[in-house]
Amino acid sequence: MSRRQIREHIFKMLFRVEFNSPEDMPEQVRLYMEELPDISEKDAGHIQKKYDDIIARLPEIDKMIEDKAESWNISRMGKVDLTIIRLAVYEIKYDDTIPVSVAINEAVEIAKRFGQDESPSFVNGVLAKMA
């Protein structure tokens, strides 16, 4: 599985956080992982670990986003955009294996695929301030 595919799966799992209680998320993650056809143990482990790391740091990540997103409160952001930004902020601040420019570029690409027309520029703007 490519890094982009792995990143998109993490995005999709994180997106569920907006619609489920924290108590329901382990079951949601389990169900999501069961739906992935022919995933290797290595890829599944990588997806799960990164998801767990992001969830553990979510309050910290959200604080960083609110500090940089001038006049934007997290509650006002689109759920897709917020999820993409959360993933990218984690990669920028906590994942030394991913260059900042790659994290931003990948976030913009995910925004093009899953977001609205203005999502790529909004995501890029917030992340540029983060970097």
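The values are calculated or read from the model by the stated rules, or taken from the named source; none is laboratory data. Every value quoted in this text rests on a predicted model; they were computed, and no experiment measured them. In this analysis, Cβ positions are derived from the backbone assuming ideal geometry, glycine residues included, and neighbour counts consider all displayed protein chains. Side chains are part of the model used for accessible areas, which takes the heavy atoms of the whole protein and leaves out ligands, DNA and RNA. Shrake-Rupley method; radii C 1.70, N 1.55, O 1.52, S 1.80 Å.
Per Stokes-Einstein, at 25 °C and 0.890 mPa s, what whole-number D in µm² s⁻¹ belongs to segment 55-131, with the Kirkwood radius over Cα pairs as the hydrodynamic radius?
202
If Rh is defined by the Kirkwood formula over all Cα pairs and Rg also comes from Cα, what ratio Rg/Rh do you get for the chain? The partial results should precede the final answer.
Details: Rg = 14.0 Å, Rh = 14.9 Å.
Looking at the chain, the ratio lands at 0.94.
So if I place +1 on the C-beta of Lys and Arg and -1 on the C-beta of Asp and Glu, and nothing else carries charge, what would the dipole magnitude of the chain be about its Cα centre? I want it in debye, nearest 20.
280
Show me, bin by bin at 5 Å from 0, the whole-percent P(r) of segment 92-131 based on Cα pairs.
Calculated over all Cα pairs of segment 92-131, the distribution is 6, 28, 30, 20, 12, 3, 0 percent.
Accessible area per residue for the chain in Å², computed with a 1.4 Å probe and the full protein assembly in place, what is it?
On the way: 7340 Å² over 131 residues.
On a per-residue basis, 56 Å².
Based solely on its DSSP helices, what 222 nm [θ] is calculated for the chain when runs of n ≥ 4 H residues each add -39,500 (n - 2.57) and the sum is averaged over all residues, nearest 500 deg cm²/dmol?
-23000 deg cm²/dmol
Over the residues of segment 11-57, compute the C-alpha Rg and express it relative to 2.2 N^0.38 Å. Write out the running numbers ahead of the final one.
On the way: Rg = 10.5 Å, N = 47, 2.2 N^0.38 = 9.5 Å.
Segment 11-57 yields a ratio of 1.10.
For a test of understanding, tell me how many lysine pairs in the chain have Cα atoms under 21 Å apart, given they are 8 or more places apart or on different chains.
Within the chain, the lysine pair count is 22.
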